[in-house]
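Report on one structure; see the data block that follows.
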Amino acid sequence: MSKKRIVIVGSGPGGYVAAIRAAQLGAEVTVIEKDVIGGTCLNYGCIPTKTLLASAELFNAVNDAKAFGIYVGEVRADLQKIMERKGKVIQGLGDGIRKTFEKRKVRFINGTGTVISPTRIRVASVSGVEEVDASTVIIATGSNPATLPFVDVEKPAVLTSTDVLELDKLPQTILIIGGGAIGLEFACFFNALGTKVTVVEVMDYILPGGDKRISKQMTQNLKKKGVKILVKTGVEAVLSYGDEDVTCLLSNGEEITTEKILVSVGRIANSKGLGLEDVGVALDERQNIIVNDSMETSVAGIYAVGDVAGGILLAHVASAEGIIAVENALGNPTKMDYSVIPTCVYTFPEVASVGQTTDEARASAREIKTGWFPFSACGKAAAIGQAIGSVQLVVEAGSEKILGGHIIGPHATELIHEIALAIRWGITAEELSATIHAHPTLSESLMETAHSVYKQAIHIL
Ligand code: FAD
């Protein structure tokens, strides 16, 4: 029997993970990428931002070293060196994907793909135009930064998240439009390195959609560090673009002049110009490709995964969807399950959530119990000088199943996976509390939170 030919357009975490899984399952795989391997995640998103944040975190740590009995000389941040390191990290990880493709015999074409039919893709590259046959097509073309109609992103004072990654000089002041994950991560980066940061958010709390208690703690923490946060406030107009600054009018009537503004107001699916409408692939009103729970579009044999299919715009969701699309394309029917998706924000301190918030659990008419434990009562958090934040658990009364977990504090983005595992496999709060956790660890706080559901936490009253 001839091998299935899977052609994937886009090499981000949706596309490249789908490619590797398809190759593992014996398909003949081609990946078409118009830019660099790895997509937004590797080149303009997850990895570069976390690399910059690692520099900022180290800068903070060195500045705080005296409190640990460590004395260092002058501490200085060199943005160009920070950016150079970021470039090396991206290069190394990109090489890793390239080598895996080679080893798995995945064909990589650097060119722009257009869908001509469910079984044929046209690729335009520097070496000309070619057409590639496919038994299955997977669209994994990702998304681009959304902008505001009245903001001219071509002006040097205006930055998107992608532009920030190429800055060669730290601005003295920055206005960040949007208090979501990306906006706040950049707020922490700039704040740590000495830029005066203002964040405006149109909703009534930052990190909208997340747990409100965490948002409140994050607001207090950022304010303490000198970040100005204005909620229920938007930018209404840009009043002037100067050579060295930009002046905006806020919805509260205030005029604010800063050296740069960063527009981080969401992402737009990259679904236009791919020939999708011509072959009948349906899009929703936000340009997202409509898919079913097998990740198949309205046209049989064409799948879509990742940001281009809307929903939860995260790298690990794109990868999970990529695997589901491949499994289905290769004859193993399986459905995408969005019930347990950890969401992480790499701010200082970090934030991580999985499952339902208390509001969501109550709205679904469940009777719930909650547990809470502060890192101020955790020995390891004190030892590492990061006794800030807390853990919350949302538990279904009766079944005692864990419905949600929400953490703000040190290494929250790592700790959350214990709760994700518990929710995914139906582990109860009692079972979590009965699992011995090593001392001293931050993970003990999860066990203590589970104890606190039954008013039996050891280290809090
Ligand atoms: P992408 O990664 O966007 O890849 C799509 C690829 O398709 C691109 O390389 C593009 O060039 C290519 N392409 C598009 N059109 C064509 C065409 N016609 N022909 C050929 N190639 C084409 N998510 C997290 O989970 N954790 C994080 O910490 C995180 N941080 C982020 C920080 C920032 C600043 C940003 C912007 C995003 C962040 N994200 C994060 C989101 C994450 O990057 C995306 O959800 C993820 O990259 C989506 O993967 P994807 O495969 O769908 O698309």
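Observations, loosely collected:
- The set of residues from region 234-252 being more than 19 Å from Val164 (Cβ to Cβ) and out of contact with any strand residue (DSSP E or B) (no Cβ under 9 Å at 6 or more places or on another chain) comprises just one member, Asp243.
- Test result for Ile229, of a type in the set (Val, Ile, Thr) and surrounded by 23 or more Cβ atoms within 10 Å (Cβ to Cβ): no
- Scoring Asn292 on the criteria (1) within 14 Å of the ligand (Cβ to nearest atom); (2) of a type outside the set (Lys, Arg); (3) open to solvent by 30 Å² or more (accessible area, probe 1.4 Å); (4) free of Cβ contacts under 8 Å to residues at least 40 places away in the same chain leaves a single failure, condition (1).
- Residue in region 28-41 that is at pLDDT 95 or above and loosely packed, with under 14 Cβ neighbours inside 10 Å present: no
- Failed item in (1) open to solvent by less than 10 Å² (accessible area, probe 1.4 Å); (2) under 27 Å from Gly15 (Cα atoms); (3) within 14 Å of the ligand (Cβ to nearest atom), with Phe190 passing the rest: (2)
- Condition met for Ala269 (closer than 14 Å to Ala146 by Cβ, open to solvent by less than 20 Å² (accessible area, probe 1.4 Å), touching a Ser or Thr at 6+ places or on another chain (Cβ under 9 Å) and hydrophobic (A, V, I, L, M, F, W, C)): yes
- Yes/no for Ala65 being aliphatic (A, V, I, L, M), within 14 Å of the ligand (Cβ to nearest atom), open to solvent by less than 30 Å² (accessible area, probe 1.4 Å) and not assigned by TED's automatic domain parsing to the domain that holds Gly385: no
- Just one of the listed residues (Leu415, Leu461) is open to solvent by less than 70 Å² (accessible area, probe 1.4 Å), on the phi < 0 side of the Ramachandran plot and not hydroxyl-bearing (Ser, Thr, Tyr), namely Leu415.
- Residues that are open to solvent by 10 Å² or more (accessible area, probe 1.4 Å) and either more than 9 Å from the ligand (Cβ to nearest atom) or in contact with a Cys (Cβ under 6 Å, 6 or more places away or on another chain) (or both), drawn from region 13-26: Pro13, Ile20, Arg21, Ala23, Gln24, Leu25, Gly26
- Inter-residue pairs, beta-carbon under 6 Å, first at positive phi and in region 256-269, second of a type in the set (Gly, Ala, Ser) and open to solvent by less than 40 Å² (accessible area, probe 1.4 Å), 6+ apart: Gly266/Ala146
- Of the residues making up region 195-216, just one is open to solvent by 10 Å² or more (accessible area, probe 1.4 Å), of a type in the set (Val, Ile, Thr) and in contact with a Gly (Cβ under 6 Å, 6 or more places away or on another chain), namely Val202.
- Neighbours by Cβ (under 7 Å, 6+ apart or cross-chain): first from region 159-182, over 15 Å from Gly266 (Cα atoms) and within 13 Å of the ligand (Cβ to nearest atom); second open to solvent by 40 Å² or more (accessible area, probe 1.4 Å) and not acidic (Asp, Glu): Leu165/Tyr44
- Boolean, Ser127 is open to solvent by 70 Å² or more (accessible area, probe 1.4 Å), more than 23 Å from Gly180 (Cβ to Cβ) and among the small types (Gly, Ala, Ser): yes
- Filter pass, Ile302 being closer than 26 Å to Lys216 by Cβ and modelled with pLDDT of 95 or more: no
- Test result for Pro48, within 9 Å of the ligand (Cβ to nearest atom), closer than 30 Å to Cys188 by Cβ and open to solvent by less than 10 Å² (accessible area, probe 1.4 Å): yes
- Looking across Leu58, Leu42, Leu25, one residue alone is under 17 Å from Ile90 (Cβ atoms), aliphatic (A, V, I, L, M) and outside the structural domain of Pro410 (by TED's automatic domain parsing). It is Leu42.
- Residue within region 349-361 that is closer than 30 Å to Ile6 by Cα, open to solvent by 60 Å² or more (accessible area, probe 1.4 Å), among the acidic types (Asp, Glu) and more than 16 Å from the ligand (Cβ to nearest atom) present: no
The values are calculated or read from the model by the stated rules, or taken from the named source; none is laboratory data. Nothing here was measured: the structure is a model prediction, and the numbers come from that model. All Cβ positions, glycine included, derive from the backbone under ideal geometry; neighbour counts span all protein chains shown. For accessibility, only protein heavy atoms count, side chains too; no ligands or nucleic acids. Shrake-Rupley method; radii C 1.70, N 1.55, O 1.52, S 1.80 Å.
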